[in-house]
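Notes follow the structure.
The values are calculated or read from the model by the stated rules, or taken from the named source; none is laboratory data. Source: prediction; values computed, not measured. Note: ideal-geometry Cβ built from the backbone for every residue, glycine included; neighbour counts use all protein chains shown.
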Amino acid sequence: MDNGVVDSAPQLFTDQDIGRWFRLPSFVRDDVELMDELREPLSRRIWLAGTPWGPLLIGLEDVWAWLFYGRSWLEFQVQTGLKATQSTRGR
């Protein structure tokens, strides 16, 4: 695998890092399955914040979420994660 691809891939952050960064409520942080679902998109967002174009891309994601989903990007991610965990728990 090309080292440039590996170096540019966002790292996955811990539950504690994600919880602090997004100020997630305890019911979200305590749900292991939900945090597993949220880890990739939220880690990507943290990683983007440290890149030159990250703040612009984050702003565009926020506008997109409000326009098309009527809620914040974070709220949309949590709702999507909850739906995914409910479908796996129901099986």
Qualifying residues in segment 71-91 (those that are charged (D, E, K, R) and either surrounded by 13 or more Cβ atoms within 10 Å (Cβ to Cβ) or without any contact (Cβ under 8 Å) to a residue 12 or more places away in the chain (or both)) - the one farthest from LEU60 (Cα to Cα): ARG91
Scan of segment 25-45 for residues that are over 8 Å from the mean Cα position of the chain (by Cα), touching a residue at least 12 places away in the same chain (Cβ under 8 Å) and either buried (at least 16 other Cβ atoms within 10 Å of the Cβ) or not in a helix (DSSP H, G or I) (or both), ordered by number: VAL28, ARG29, ASP31, LEU34, MET35, GLU37
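Name the residue, out of TRP47, TRP53, that is touching a helix residue (DSSP H, G or I) at 6+ places or on another chain (Cβ under 9 Å) and aromatic (Phe, Trp, Tyr).
Of the residues listed, the single one that is touching a helix residue (DSSP H, G or I) at 6+ places or on another chain (Cβ under 9 Å) and aromatic (Phe, Trp, Tyr) is TRP47.
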Qualifying residue in segment 56-63 (condition: at pLDDT below 95 and in a helix (DSSP H, G or I)): no
Residues that are closer than 20 Å to ARG23 by Cβ and in a helix (DSSP H, G or I), drawn from segment 70-91: TRP73, LEU74, GLU75, PHE76, GLN77, VAL78, GLN79, THR80, GLY81, LEU82
Segment 24-35: number of residues that are within 18 Å of TRP73 (Cα to Cα) and either modelled with pLDDT of 95 or more or of a type outside the set (D, E, K, R) (or both): 5
